[in-house]
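Heads up, the thing below is written out as structure tokens.
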Amino acid sequence: MRVNHSTSNDSFSPAHLPSGNSSLSIFMYCLITKPSSFIFIAIDINIILIMLPLCAFILYHGIQQCLQKRSTSSAMAAMSHSDCFTYHMVTMELIGVFGYILNLAVFLFSGF
């Protein structure tokens, strides 16, 4: 009597990948397949379309508020801690958005 020794992991490891139990090879296979590439591209586009205008609006509003305070007051008005924290967080999110733009450019120009 023959017993089938196939495991559920065999369905995840395609023939052209090494047969080792490496989660990195499975991750890379998932990353380069067409359906997952479309999902990553859709996530990138959504984050760019939502976060970029939001960050730009918050920074624009902060600059306008700062310029308005300077024009009405001769002394430099102090910025509140929460405003400073908000502008720093928006700047960090903007760096992340530029990372998503770079990621999207790599996906689109690499032929996936």
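Bear in mind that the values in this text are calculations on the coordinates, not laboratory data. None of the values given here were measured: they were computed from a predicted structure. Every residue, glycine as well, gets a Cβ built from its backbone with ideal geometry; the counts of neighbours run over all protein chains shown.
Data for the structure
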| item | result |
| --- | --- |
| Cβ-defined net charge surrounding residue 78, 13 Å radius [Lys, Arg +1; Asp, Glu -1] | +1 |
| Sites residue 33 and residue 98, calculated FRET efficiency, Cβ-Cβ separation with R0 25 Å, nearest 0.05 | 0.40 |
| Square roots of 5 times each gyration tensor eigenvalue, C-alpha, the stretch 34-109, largest first, Å | 36, 10, 9 |
| Point-to-point label distance, residue 61-residue 85, nm (Cα→Cβ direction, 7 Å offset) | 1.7 |
| Extension gain from residue 105 to residue 69, taking 0.36 nm per residue of separation minus the Cα-Cα distance | 9.0 nm |
| Sequence ranges 79-92, 45-58, ranked by mean other-Cβ count within 10 angstrom, highest first | 45-58, 79-92 |
| Label-point gap, in nm, between residue 26 and residue 48 - each point 7 angstrom along Cα→Cβ | 3.1 |
| In Hz, Karplus ³J(HN,Hα) per residue of the stretch 57-72 (6.51, -1.76, 1.60; θ = phi - 60°; x = Gly, Pro) | 5, 5, 5, 4, 4, x, 5, 4, 5, 5, 5, 5, 5, 5, 6, 8 |
